[in-house]
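Here the structure comes first, spelled out in structure tokens, and everything after it is commentary.
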Amino acid sequence: MAGGITAFDTGPSYGAGEAERRLGAALSERDRSQFFISTKAGIGEDKSRDFSTRAIRDSLCRSLQRLRCDYVDALFLHGPASAELGPGLLQFLRCEKASGRVRHLGMAGRGHEIDAALETGVFDLLMAPVHAGLSLEHVQRLEKARANGIGIIAIETLSGASAGLRWPRSAADWWYCARALRQRKFSAPKQLAREALHDALCKSPADSVLFSTTRPGHLQDALCALDETVRTA
């Protein structure tokens, strides 16, 4: 797509499935092979939690239908605990990957959830927080994953970052403006959003960075950070 953004992540719990439906509609007329589409399972449309084999299978089927796809590039289990990664579920995931309906298997989580995923030897990808405020323990987990050949997809990259002070353009903007002023008065200076994205791409174990936005201006900032990363690589 324009700007070079070709990876899209979604999940059943985002808007009770609406996020998947909208993404499927938006990309339905485009060449599927040009995009990396990932979704999740384990947390349902109603935000209920179920990591049984049957629930994960049914969730994947519904996601594929909403996305209008025959396969997803990655299926992430949405924060499973160690006890929820039973042998039946792991075997089912292996079979789905072998069938081609799932190209890569992933786990989205943090802390000891990452340890549990690494121990299974099943997962190709890890979706985890990557930002300036990470603990040393978390960074070491990410580095261990990379050392084991697991790709890292960064989330929450803008945690603690600031978009900078901007003139409010809507009523809701006044709240964000007030928060930014308060942060400047009582807190240490924070990274700008563009700097946070650049650092996640260049100075962390992450292979890819995910972010969400509802504004074209914020999207343009992210594209500028990508351009800077390419130029300095």
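Throughout, read-outs are computed from the coordinates displayed, never taken from laboratory work. Here the structure is a predicted model, which means the values were calculated and not measured. All Cβ positions, glycine included, derive from the backbone under ideal geometry; neighbour counts span all protein chains shown.
Could you tell me which of rounded, prolate or oblate describes the range 45-169, using a ≥ b ≥ c as the square roots of the eigenvalues of the alpha-carbon gyration tensor, with rounded for a/c under 1.5 and, failing that, prolate when a/b is larger than b/c and oblate otherwise?
Because a/c hits 1.5 or more and a/b fails to exceed b/c, the range 45-169 counts as oblate.
Show me, for the range 39-47, the HN-Hα J-couplings you get by feeding each phi into the Karplus relation (A = 6.51, B = -1.76, C = 1.60, θ = phi - 60°), rounded to Hz, glycine and proline as x.
Here the 3J(HN,Hα) series is 9, 10, 8, x, 10, x, 4, 8, 6 Hz.
Would you mind ranking C224, C69 by Cβ crowding within 10 Å, fewest neighbours first?
In increasing order of surrounding Cβ atoms, one gets C224, C69.
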